[in-house]
C-alpha cells in the first residue's frame, strides 16, 4: 500500500496505489489537515487509478464516515473528489459517498470515473465557496 499527498493551488492531491484498507483510510483522514492553508475550505482530489483492491466492510465504512465528519468539521466547507476508473473501486467509493450523504455529512464527496471532470468539479466548488 502506498499513499502520498501534495498541496497545489489550495487543493490536496492524494494518490493511492495498491490496496486500500481501514487503517490506511483512517490514518489519512486523521492527518487530512496537515497540508491545508487556513482558508476555511478543504478540497482534495483522491486518485485511485492505481488502486488494486478495497478491503472495507460495511461496519468499517460507517466508522470511516464518522471519522471523516470529525476531521472536516473544523472547515467551513469541505469538498472531496474521488477519481476511481476501476469498476470495483468506483462501486466501493460510491458506497462511501452514500454513507456520507445518509449521515448528513458536512463534507461534499463525489466519485468520478474521469479525472478531468473530478478536478473541474472540485475547482468549481472551491471557487463558489470562496465567492460566498
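The values are calculated or read from the model by the stated rules, or taken from the named source; none is laboratory data. Note that the structure is predicted; figures quoted are calculated from it, not measured. All Cβ positions, even for glycine, are placed from backbone atoms using ideal geometry, and neighbour counts span all protein chains on display.
Within segment 43-61, the set of residues being surrounded by fewer than 13 Cβ atoms within 10 Å (Cβ to Cβ) and in contact with a helix residue (DSSP H, G or I) (Cβ under 7 Å, 6 or more places away or on another chain) is empty. Taken over segment 17-42, the criterion of being surrounded by 14 or more Cβ atoms within 10 Å (Cβ to Cβ), modelled with pLDDT of 75 or more and either in a loop (DSSP other than H, G, I, E, B) or over 13 Å from the mean Cα position of the chain (by Cα) (or both) is satisfied by 17, 41. On inspection, residue 93 does not qualify as at pLDDT below 90 and out of contact with any strand residue (DSSP E or B) (no Cβ under 6 Å at 6 or more places or on another chain).
Of everything in segment 43-70 that is farther than 14 Å from residue 97 by Cα and part of a helix (DSSP H, G or I), the residue that is modelled with the lowest pLDDT is 70.
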